[in-house]
Amino acid sequence: MKNLIILDLSFNHLEAFAAGALILPNRKQLYLNDNRLDEIVPSVLSHITKLELINLSHNYLTSICENMFSGLSRLEVVFLNSNRIHWVCESAF
């Protein structure tokens, strides 16, 4: 599992993640689309430093909180479409 580059957890009815649930340091692509996520705690993503793409589309996200994507210096693509986002913090990225 530590060499896993792509993780696709889409279409699983996921509602939340524990802080240490996604610690796979070599992951470059993470697909969490089409779930029931209403919040992503920044500490969940902070360990995925090589992440280049994240798909969070088709969830129930209402905001993008402070430092959500900070520290992810390789992140190039973020899909957030089809959520309920009404607020994005300036320091989210």
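Every number in this text was worked out from the coordinates using simple rules, so none of it is lab data. Since the model is a prediction, treat every value here as computed from it, not as a measurement. Here the Cβ is made from the backbone with ideal geometry for all residues, glycine too, and neighbour counts use every protein chain on show.
Among residues other than His13 with Cβ under 14 Å from its Cβ, the summed charge is -2 (Lys and Arg +1, Asp and Glu -1). Structure remark: mean-square fluctuation, Gaussian network model of the chain, C-alpha springs under 10 Å; the largest value among His58, His47, His13 belongs to His13. The length gained on full extension between Ser70 and Asn12, counted as 0.36 nm times the residue separation minus their Cα-Cα distance, comes to 18.3 nm. Working from Cα pairs under 8 Å separated by at least six residues, relative contact order for segment 6-93 is 27 percent.
Loop only per DSSP, at most 11 neighbouring Cβ atoms within 10 Å: give me the trypsin sites (Lys or Arg not before Pro) in the chain, ordered by residue number.
Filter output for the chain: Lys2, Arg74, Arg84.
Classify segment 46-93: rounded, prolate or oblate, from the alpha-carbon gyration tensor (a ≥ b ≥ c, eigenvalue square roots; a/c under 1.5 rounded; otherwise prolate if a/b is larger than b/c)? Verdict is oblate for segment 46-93. Here the relative contact order of segment 1-44, from alpha carbon pairs under 8 Å that lie six or more residues apart, stands at 51 percent. Under the convention that each Lys and Arg Cβ holds +1 and each Asp and Glu Cβ holds -1, the size of the dipole of the chain around its Cα centre is about 320 debye.
Over the chain, all Cα pairs binned in 10 Å intervals from 0 give whole-percent P(r) values of 18, 55, 26, 1, listed from short to long.
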